[in-house]
1. Find the helices (runs of 4 or more DSSP H) located wholly in segment B:1-48 whose residues include 3 or more that are open to solvent by 60 Å² or more (accessible area, probe 1.4 Å) and at pLDDT below 80, and list them.
2. Looking only at segment B:235-263, how many residues end up being of a type outside the set (A, V, I, L, M, F, W, C) and crowded, with 24+ Cβ neighbours inside 10 Å?
3. Could you list all residues from segment B:254-273 that are under 21 Å from B:Arg173 (Cβ atoms) and in contact with a Lys or Arg (Cβ under 9 Å, 6 or more places away or on another chain)?
4. Filter segment B:114-143 down to residues that are within 12 Å of chain A (Cβ to nearest Cβ) and β-branched (Val, Ile, Thr) and give me whichever is most open to solvent (accessible area, probe 1.4 Å).
5. Kindly check whether there is at least one residue in segment B:247-256 that is of a type in the set (Gly, Ala, Ser) and either part of a helix (DSSP H, G or I) or more than 30 Å from B:Glu161 (Cβ to Cβ) (or both).
6. Condition check: buried (at least 18 other Cβ atoms within 10 Å of the Cβ) and either within 25 Å of B:Leu124 (Cβ to Cβ) or of a type in the set (S, T, N, Q) (or both). Does B:Ile194 satisfy that?
7. Being of a type in the set (Val, Ile, Thr) and not in a loop (DSSP other than H, G, I, E, B) is the filter here, so list the residues in segment A:270-300 that pass it.
8. Check whether at least one residue in segment A:56-64 is more than 9 Å from chain B (Cβ to nearest Cβ) and at pLDDT 75 or above, and report yes or no.
2 protein chains.
Amino acid sequence: VAEGRRRTLVDVKRGVTSYDVAVRAGVSQSAVSRCFKPGASVAPATRARIMAAAEALGYAPNAIAQGLITRRSNLVGVLISNLTNLNYPEVLSELTRRFSERDVRVLLFTLQTESDVPQALTQLWRYRVDGVVAAARLEPAAIAQFGARGVPLVLYNRDGEGAAVSSVCCDSRAGERLLVDRLAQAGRRCFGVITGPADSHVSQERVHGATERLRELGLSFEVADGAFDYASGGVGVRRLMMATDNRLDALICANDVMAIGAVDAARHSLGLRVPEDLSVVGFDGVGPARWASYNLTTVRQPVHRMTESAVAMLLERIERPELTPERRLFAGELITGGSARINDD
Amino acid sequence: VAEGRRRTLVDVKRGVTSYDVAVRAGVSQSAVSRCFKPGASVAPATRARIMAAAEALGYAPNAIAQGLITRRSNLVGVLISNLTNLNYPEVLSELTRRFSERDVRVLLFTLQTESDVPQALTQLWRYRVDGVVAAARLEPAAIAQFGARGVPLVLYNRDGEGAAVSSVCCDSRAGERLLVDRLAQAGRRCFGVITGPADSHVSQERVHGATERLRELGLSFEVADGAFDYASGGVGVRRLMMATDNRLDALICANDVMAIGAVDAARHSLGLRVPEDLSVVGFDGVGPARWASYNLTTVRQPVHRMTESAVAMLLERIERPELTPERRLFAGELITGGSARINDD
């Protein structure tokens with residue numbers, strides 16, 4: 001009885017079936033099925049007749065029922081934290097567009113903080129996603145769930161912290177080391193660093209890269225806590241000026257938006273000249289970093305190449321689950337703006 | 001044979017069934033089903049036993065198979081154009097969070113332009129979404145498809161242009177009329193307007209509101225085409241200065257990002273003082289509008305209340321398809337910043 005009911009619902013739910021389309025187009029039912037299967041071969045004239053009949057009847061193949069048969073949902077999950085961060089909307093937009101071009105849909109999970117992951121995973125398993133791109137922190141236990149369920153996972157801008165998992169990252173450490181080197185070469189001697197939120201892996205990598213290089217060069221520095229937002233850039237620069245008895249001459253912010261907040265506070269509240277009195281650098285290369293009022297010196301993430309790689313790596317692993325994990329690390333691009341005078345060659 | 005194969009796949013796909021959970025927890029299979037059905041009543045102690053058993057076995061109910069039985073997918077489609085517009089990431093983040101709190105998942109469709117809708121709709125029908133929120137332009141024929149398929153639709157920041165469809169909007173016309181009034185009261189006499197993209201309904205409403213009020217007041221104005229981005233604000237202000245023989249003293253931009261571009265170009269390229277020589281106003285109330293370098297005078301959309309309403313209206317109509325369409329129009333909030341000196345009471 002249950003099977004009978006289910007079958008009825010699958011077939012008659014919206015009224016029109018592939019059989020109706022086949023009759024109207026004067027083709028076999030299997031030709032209609034092939035026509036809606038990506039990559040299957042159908043003669044152009046036949047395809048045109050089928051599409052016209054499908055359009056006229058309002059027929060659309062049921063992707064969910066198809067998924068039950070093919071074991072594919074053609075859904076991928078995207079976990080992303082804090083969309084109001086200026087970098088992530090571009091990442092999400094690129095990922096969605098690229099998946100869509102491959103006929104794959106995005107089931108979106110936005111997290112308020114990177115610590116909200118377990119709840120999102122419970123939902124992911126319910127929807128039988130074919131794979132997941134996660135721009136959020138996954139604990140080793142969470143990564144292990146993907147392995148146990150055979151669901152491919154690609155981490156975006158973080159690696160597995162030891163776990164064997166595929167990832168696409170911008171090289172945060174190398175980027176920050178480069179910024180420190182150039183500021184030091186330009187004669188800056190008293191450094192400040194503003195961090196992102198404590199649970200952000202990206203922040204930890206960037207701060208680690210900068211402070212590691214500062215220590216190697218024997219340069220003095222102070223660290224202030226930030227939150228990746230505009231306000232915390234302003235608060236941070238004030239704290240660091242106090243902590244250094246106003247000797248601060250180079251400020252490294254763990255992202256562009258905090259650098260923008262720091263530039264505004266330095267100029268409009270502290271009466272400092274940027275870059276003459278204080279050099280300020282960010283990280284990301286978001287759109288507003290290029291606005292004339294800021295013109296930030298920063299490291300730009302190659303978002304196009306990174307999202308392209310994430311999508312390709314995930315779809316490859318959905319097709320061929322036996323592939324081993326792969327890590328791709330992209331160098332960021334140094335952008336020399338007006339917020340820090342450095343030698344860029 | 002086909003039914004038999006389908007049944008096998010549904011039940012054994014990931015190995016663990018509700019029966020296994022029921023046996024381990026020592027309860028009936030229907031208790032397990034109730035436990036995973038939102039709103040169904042299960043004694044707390046029973047629920048705890050079931051959840052522990054489910055966790056131990058790695059059981060997750062199959063939302064897609066459930067959807068075939070309940071006729072619900074618990075998926076809603078969100079159509080949104082141009083995520084890199086600074087207003088939409090906040091809208092998307094709020095919508096996703098609110099749906100998620102109601103145990104509903106978001107299938108995301110991002111459009112490069114508002115004209116990409118038909119393709120997205122073809123996909124939407126394949127996934128049997130329960131309903132759709134569209135922050136993108138739908139032609140009457142597209143809106144009619146929702147009616148014919150019985151899929152509830154709520155338009156975000158645009159109405160059906162005559163079609164009977166639910167919508168949540170910020171009152172663009174009233175907001176623009178208010179800005180014109182305040183600029184005129186402050187003695188501004190030579191106006192310019194920078195539009196958004198030609199296919200943007202929001203742009204059309206805003207430009208219509210502003211120019212309608214300018215005509216009523218008998219004030220002269222010029223219009224320049226923009227694209228809702230930073231660069232077109234700068235291009236627009238230069239064109240309008242030329243078109244008015246440098247007499248332009250009030251500039252109305254159809255969104256904040258163009259106003260920011262115009263402020264930067266006015267100050268850094270044209271050598272004008274803002275607001276002394278030129279008052280600039282935007283629309284949206286995005287985060288960067290409050291950055292100290294801009295401090296825009298603008299109209300803020302009540303995004304929290306608008307997204308809350310859109311989610312509530314859609315879920316109501318999924319529950320009760322017989323409800324008639326409803327339009328909610330929210331007044332924007334005038335924010336008096338430093339980019340235009342106006343009297344704000």
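The values are calculated or read from the model by the stated rules, or taken from the named source; none is laboratory data. Computed from a predicted model, the values in this text were never measured in an experiment. Methodologically, a virtual Cβ is constructed for each residue, glycine included, from the backbone with ideal geometry; neighbour enumeration extends over all protein chains shown. Side chains are part of the model used for accessible areas, which takes the heavy atoms of the whole protein and leaves out ligands, DNA and RNA. Shrake-Rupley method; radii C 1.70, N 1.55, O 1.52, S 1.80 Å.
1. Working: elements: B:2-12, B:18-25, B:29-35.
Output list reads B:2-12.
2. Taking segment B:235-263 and keeping what is of a type outside the set (A, V, I, L, M, F, W, C), we get B:236, B:238-239, B:244-247, B:249, B:255-256, B:261.
Within this subset, residues satisfying the condition of being crowded, with 24+ Cβ neighbours inside 10 Å are B:236, B:255-256, B:261.
Residues in segment B:235-263 being of a type outside the set (A, V, I, L, M, F, W, C) and crowded, with 24+ Cβ neighbours inside 10 Å: 4 in total.
3. So the first thing to find is which residues in segment B:254-273 are under 21 Å from B:Arg173 (Cβ atoms), and the list is B:254-259.
Listed by number, the residues that qualify are B:Ala254, B:Asn255.
4. Checked segment B:114-143; the qualifying residue most open to solvent (accessible area, probe 1.4 Å) is B:Thr122.
5. Step one: of segment B:247-256, the residues of a type in the set (Gly, Ala, Ser) are B:250, B:254.
Remaining after also requiring either part of a helix (DSSP H, G or I) or more than 30 Å from B:Glu161 (Cβ to Cβ) (or both): none.
No.
6. Working: buried (at least 18 other Cβ atoms within 10 Å of the Cβ): yes; either within 25 Å of B:Leu124 (Cβ to Cβ) or of a type in the set (S, T, N, Q) (or both): no.
So B:Ile194 fails the test.
7. Within segment A:270-300, the subset of a type in the set (Val, Ile, Thr) is A:274, A:280-281, A:286, A:297-299.
Within segment A:270-300, A:Val280, A:Val281, A:Thr297, A:Thr298, A:Val299 meet the criteria.
8. yes
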